[in-house]
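Novice: Sharing a structure here in structure tokens format.
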Amino acid sequence: MERQDKGLAFIQRYENIAWYADGAVRILDRRVYPVRTEFVICKTHVEVMQAIRDMVTQSAGPYVAAPMGMALAAWECRNLSFKEQMEYLEKAALCIQSARPTTRERLKLVTSATLPVAEKALKEGKRADLAIFENVIDSCNSRYSRIARMGELLADIFPDNGTVMTQCYADTILGMMLRECRKREKKIRLFCPETRPFLQGARLTATVCAEMGFDTTVITDNMPSYVMANEGVDVFTCAADAITCDGYVFNKVGTSQIAICAKHYGIPVYVSGAPDKGHPRWDTVKVEMRDPEETLEAMHVRTAAKDLGIKGYYPAFDMTEPSLITGIVTEKGILKPTELSRYFDEETSASSLVIC
């Protein structure tokens, strides 16, 4: 089996995201990478849930870590009866799903998908943990293959020698769009907002872009408008933590203000991802409010004065309205935000969905 992470950056290879082996899950600590390359070792599925909650892994990372956590849960309960093991795994799935509220529906999908895999393995007298692990790798290959199609669509949009602005860390789609550009020998210049307070744009996105050989510039989060006005930005693109079926995008806080600037300057906005069936409307998404103290520091260095009653405020995500979005890039094609119901039409061909 050829792995679909071939040619991607270090942080995007399966074993460097999250990996189950020997009764433990190893997760790359994205809070400190690339300054330090460290892995958090989780010995229980509860620790995996906590690692996701604590932002050890972010963006698409939790969708690998969560099912790996289910493999670990299967190891934890291996000596119980069949019925007790299945009950244990169902409870483990609920635990891991609760890690972060905004992405709960997607975490539910990946954890729930491991339950029939475990059941089948146990009925066949096989190890459930290994069956789940193998299924996670197969799922990663399938997901990466679908996202590669999205990377092709984005590469079609980017002009040669064009300038692209990103937001936060788009994970797999970032790697796939860059791999496709490299394959076509299409040169692009990237501007990466730093994305405080965890600085995923500066640490993760910029590292991947530079590692894959592209001209990369980091800007602070209050510079996008200036850069758009003065540096000839051709496209703004990002991924999404949730896309509602009525066309609203929830992504790292700051995305909506960049989209507003893009509309002002006539720059197209493309968001990569699939609509979430679990979110039929924008008001079904709960925006996660994180510890406000995290906004009063940067990389564990205090930036606001202490003992003066200064408060922080930290919504992890914001909502970008459909009117600000040019297209949603899916593996089936590029859809207008108002046409996302077509994504679920299995009879619709991919080519007919491309609108640009």
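Readers should treat all values here as calculations from the given coordinates under stated rules, not as data from a laboratory. Fair warning: this is a prediction, and the values are worked out from it, not measured in the lab. Quick reminder, even Gly has a Cβ in these numbers, built from the backbone with ideal geometry, and neighbours come from all protein chains shown.
Novice: Is there a pair in K83/K332; K183/K332; K252/K306 whose C-alpha atoms are over 29 Å apart, and which pairs would that be?
Specialist: Exceeds cut-off: K83/K332.
Novice: Still on this structure: For the range 191-269, with only Lys/Arg (+1) and Asp/Glu (-1) charged at the beta-carbon, what is the dipole magnitude about the Cα centre, in debye rounded to 20?
Specialist: Numbers: 4 positive and 8 negative charges, 35 e Å.
Charge dipole of the range 191-269: 160 debye, to the nearest 20.
Novice: At each listed q (0.08, 0.09, 0.12, 0.13 Å⁻¹), what is the log10 of I(q)/I(0) that the Debye formula gives for the chain modelled as equal alpha-carbon point scatterers?
Specialist: Evaluating at q = 0.08, 0.09, 0.12, 0.13 Å⁻¹ gives log10 I(q)/I(0) of -0.39, -0.49, -0.88, -1.04.
Novice: Set the Förster radius R0 to 30 Å, insert the Cβ-Cβ distance between D156 and D345 as r into 1/(1 + (r/R0)^6), and round the FRET efficiency to 0.05.
Specialist: Details: r = 22 Å, r/R0 = 0.74.
Working from the Cβ atoms, E equals 0.85.
Novice: Taking the Cα centre of the range 10-142 as origin, work out the dipole magnitude from +1 charges on Lys and Arg Cβ and -1 charges on Asp and Glu Cβ, in debye rounded to 20.
Specialist: Values: 18 positive and 16 negative charges, 53 e Å.
Dipole size: approximately 260 debye.
Novice: What shape does the range 158-353 take by its C-alpha gyration tensor, where a ≥ b ≥ c are the square roots of the eigenvalues and a/c under 1.5 counts as rounded, a/b above b/c as prolate, and the rest as oblate? All intermediate terms of the calculation are to be shown ahead of the outcome.
Specialist: On the way: a/c = 1.96, a/b = 1.25, b/c = 1.57.
It is oblate, given that a/c is not under 1.5 and a/b is not larger than b/c.
Novice: Right, something else. Quick one: helix 114-123 against the long Cα principal axis of the chain, what's the angle to the nearest 10°, folded into 0 to 90?
Specialist: Helix 114-123 and the main axis of the chain meet at about 20 degrees.
Novice: Sequence neighbours fewer than 8 away in the same chain don't count; with that in mind, list the aspartates and glutamates whose C-alpha is under 20 Å from K277.
Specialist: The qualifying aspartates and glutamates are E105, D241, D246, E288, D318, E321, E331, E339, D345, E346, E347.
Novice: Another question, if that's okay. For the range 103-112, take each phi angle, set θ = phi - 60°, evaluate the Karplus expression 6.51 cos²θ - 1.76 cosθ + 1.60, and give the result in whole Hz per residue in order, putting x for glycine and proline.
Specialist: Residue by residue, the range 103-112 yields 9, 4, 4, 6, 5, 5, 4, 6, 7, 5 Hz.
Novice: List the aspartates and glutamates whose Cα lies under 20 Å from the Cα of K120, skipping any in the same chain that are fewer than 8 positions away.
Specialist: List returned: E76, E84, E87, E90, D129, E134, D138.
Novice: Let me ask you something else. Once the Cα atoms of helix 128-157 and of the chain are each reduced to a long axis, what angle between those two axes, in degrees from 0 to 90 to the nearest 10, is obtained?
Specialist: The two axes meet at around 10 degrees.
Novice: If R0 is 25 Å, what FRET efficiency do you get for L94 and N141 from their C-beta distance, rounded to 0.05?
Specialist: Details: r = 27 Å, r/R0 = 1.08.
It comes to 0.40.
Novice: If you don't mind, another one. Give me a comma-separated list of calculated 3J(HN,Hα) values for the range 174-190, in order, Karplus coefficients 6.51, -1.76, 1.60 applied at θ = phi - 60°, integers in Hz, x for any Gly or Pro.
Specialist: Those phi angles translate into 4, x, 5, 5, 6, 4, 5, 4, 5, 4, 8, 6, 8, 8, 9, 10, 10 Hz.
Novice: What do you get for the angle between helix 82-97 and the principal long axis of the chain? Use alpha-carbon atoms, 0 to 90 degrees, nearest ten.
Specialist: Roughly 20 degrees between the two axes.
Novice: Which whole-percent values make up P(r) of the range 10-142 when all C-alpha to C-alpha distances are grouped in 5 Å steps starting at zero?
Specialist: In order of increasing distance, the bins hold 2, 12, 24, 24, 20, 11, 5, 2, 1, 0 percent.
Novice: Specify, per residue and in Å³, the volume enclosed by the convex hull of the alpha carbon atoms belonging to the range 139-208. Write out the running numbers ahead of the final one.
Specialist: On the way: hull volume 5.5 nm³, N = 70.
For the range 139-208, the hull spanned by Cα atoms encloses 79 Å³ per residue.
Novice: Around E297, which amide H atoms from residues at least 5 apart in sequence, or from another chain, sit under 5 Å from its own amide H, with H modelled in the peptide plane?
Specialist: T303
Novice: Long-range amide H contacts for I219: which residues qualify at under 5 Å (H placed 1.01 Å from N, peptide plane, sequence gap of 5 or more or a different chain)?
Specialist: C192, E194
Novice: Between N230 and K120, how high is the FRET efficiency from 1/(1 + (r/R0)^6) when r is the Cβ-Cβ distance and R₀ = 51 Å? Nearest 0.05. Provide the component values of the computation, followed by the final result.
Specialist: Working: r = 58 Å, r/R0 = 1.13.
That pair, N230 with K120, gives E of 0.30.
Novice: Residue by residue through the range 337-343, which ³J(HN,Hα) values in whole Hz follow from phi under the Karplus form 6.51 cos²θ - 1.76 cosθ + 1.60 (θ = phi - 60°), with glycine and proline marked x?
Specialist: x, 7, 10, 5, 4, 5, 4
Novice: Neighbour counts of other C-beta atoms within 10 Å: give me D234, D215, D276 arranged from fewest to most. Could you put the intermediate results ahead of the total?
Specialist: Working: D234 16, D215 13, D276 21.
If I rank by nearby Cβ atoms, fewest first, I get D215, D234, D276.
Novice: For V287 and R36, calculate 0.36 nm times their separation in residues minus their Cα-Cα distance, and state this gained length in nm to one decimal.
Specialist: Stretched out fully, the V287 to R36 stretch lengthens by 87.4 nm.
Novice: Suppose every K and R has +1 on its Cβ and every D and E has -1 on its Cβ; what is the size of the dipole of the range 78-144 about the Cα centre, in Debye to the nearest 20? Working shown, then result.
Specialist: Values: 12 positive and 9 negative charges, 33 e Å.
Rounded to the nearest 20 debye, it is 160 debye.
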